[in-house]
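Below is one structure; the comments refer to it alone.
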Amino acid sequence: MSQAVEHLAELTGLRDRDVLDVTLAQVLLSLVRAQSVAVRRVVGPAEDSRWLTRAELAAGEATPRADSMWSELAMLEPLASRRPAHACLHAQQVVHHAGDPRLTCFPLGSERGAVGVVEMTSHDALDGEQLRLVEGLLRVYRNFQGLLDSSERDSLTGLLNRSTFDGSFLRLAGELSTGGPAAVHSGGDEARMVNPAVACLGVIDIDHFKRVNDNFGHLIGDEVLLLVARLMRATFRFHDLLFRFGGEEFVVLMRCHSLTDAQGAFERFRREVERYAFPQVGRIAVSVGLTAMLAHDSPQAAFERADKAVYWVKQNGRNQVAEHTDLVARGLLEAADRSSDMELF
């Protein structure tokens, strides 16, 4: 019992979700004496959902394996490739699969529904006490994840909130400055590496949002914000970081192979919003400004550049995507003092 309490204290003392999933695998491996433990989450759209391995650890191993958060969706394993795990996810109950070794799958849930599974292999079938221990620990894990969500996510849209932005920005900058973690796909015969070279910050502002609130009321305005957030989730990739900064302002952090790719992603989102029929309101539009993250950049400096690009769009017709460096090169904006001599990652 004392060992279990110590592991619970270790698990709930963390705030980094990446480390949290790794620690979960380590704790389960230690408590149940399993051969291996893997924590896998579901990512991607419903029609093409995939497994993202957050941590996979075998007995005796010191370092867990994991898919990079920047993996291309097509590189990850389809849900159907792991039948017991897929059945566990669908049924939301423990699934046992006989074999050597034996496989037991536990559902990972959250307040937003099913999010993944824990796979555990062992020489012998888990007994009742072991099953209760694992299920109890996963309930604690789920509750703790809920607490993290409530502190890190916007209560209306469910997107990341402004207080998480600086930390997310600095982690991304750190990855890029060291070359970043490459994504290794282990589902096929040939391993592939992905290491996007450019990181971008985009600021999205809903055009004439005050008119929506004035003409239709704040409840309808909130519905517009919810639907814009939903369009963001559907348009951007599973690993792009989506934030609501407050009011009608949203921010996106992403890694891309080029600045052109990032501009294309924001332009796709702008078009999706433009052609979406919002209930009662009808059509709305968004103005978007973006910038590439620069060497030794700060969250405030990068946000300011993107925000200046948004302001330019607002003053020049709205419903456009503008990139800060392009505006400077065309003489439409003045270069920021701190960024003139910086290099792109």
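Every read-out reported here was derived from the displayed coordinates using simple, explicitly stated rules and does not represent laboratory data. Nothing here was measured: the structure is a model prediction, and the numbers come from that model. Heads up, the Cβs are rebuilt from the backbone with ideal geometry, glycines too, and the neighbour counts pull from every protein chain shown.
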Output the peptides 251-257, 127-133 sorted from most to least packed, where packing is the average of other Cβ atoms within 10 Å over each peptide's residues.
251-257, 127-133
When Rg is the radius of gyration of the Cα atoms in the range 2-152 and Rh is its Kirkwood radius, what does Rg/Rh come to?
0.94
If you bin every alpha carbon distance in the range 67-172 into 10 Å steps from zero, what whole percent lands in each bin?
13, 32, 34, 17, 4
Would you please put 80-88, 66-74 in order of how densely packed they are, using the mean number of other Cβ atoms within 10 angstrom per residue and starting with the highest?
66-74, 80-88
Once both axes come from the Cα atoms, what is the angle between helix 259-275 and the longest principal axis of the chain, in degrees from 0 to 90, rounded to 10?
80
Degrees, to the nearest 10: 165-177 long Cα axis against longest axis of the chain
80
Dipole magnitude of the range 160-329 about its Cα centre (Cβ charges: Lys, Arg +1; Asp, Glu -1), debye to nearest 20
300
Once you measure Cβ to Cβ distances between cysteines in the chain, which Cys have no partner under 4.7 Å?
C200, C256
Between H296 and R83, with labels modelled 7 Å along Cα→Cβ, what's the label distance in nm to one decimal, could you check?
5.8
Determine by what factor the alpha-carbon radius of gyration of the range 27-115 differs from 2.2 N^0.38 Å, reporting the quotient.
1.11
Just need the relative contact order of the chain here, percent rounded to a whole number, with Cα pairs under 8 Å and 6+ apart.
13
Only one of the listed values, (i) 1.03; (ii) 0.97; (iii) 1.10, was derived from the coordinates as Cα Rg over 2.2 N^0.38 Å; which label is it?
(iii)
Starting from the exponent 0.38 and prefactor 2.2 Å, build the expected Rg for the range 160-329 from its residue count and divide its actual Cα Rg by it.
1.09
For the chain, find the longest principal axis of its Cα atoms and tell me its angle to the long axis of helix 2-12, 0 to 90°, nearest 10.
10
Got a sec? Charge dipole of the chain, +1 on Cβ for Lys and Arg, -1 for Asp and Glu; which of V273, A197, L137 is way out at the positive end?
V273
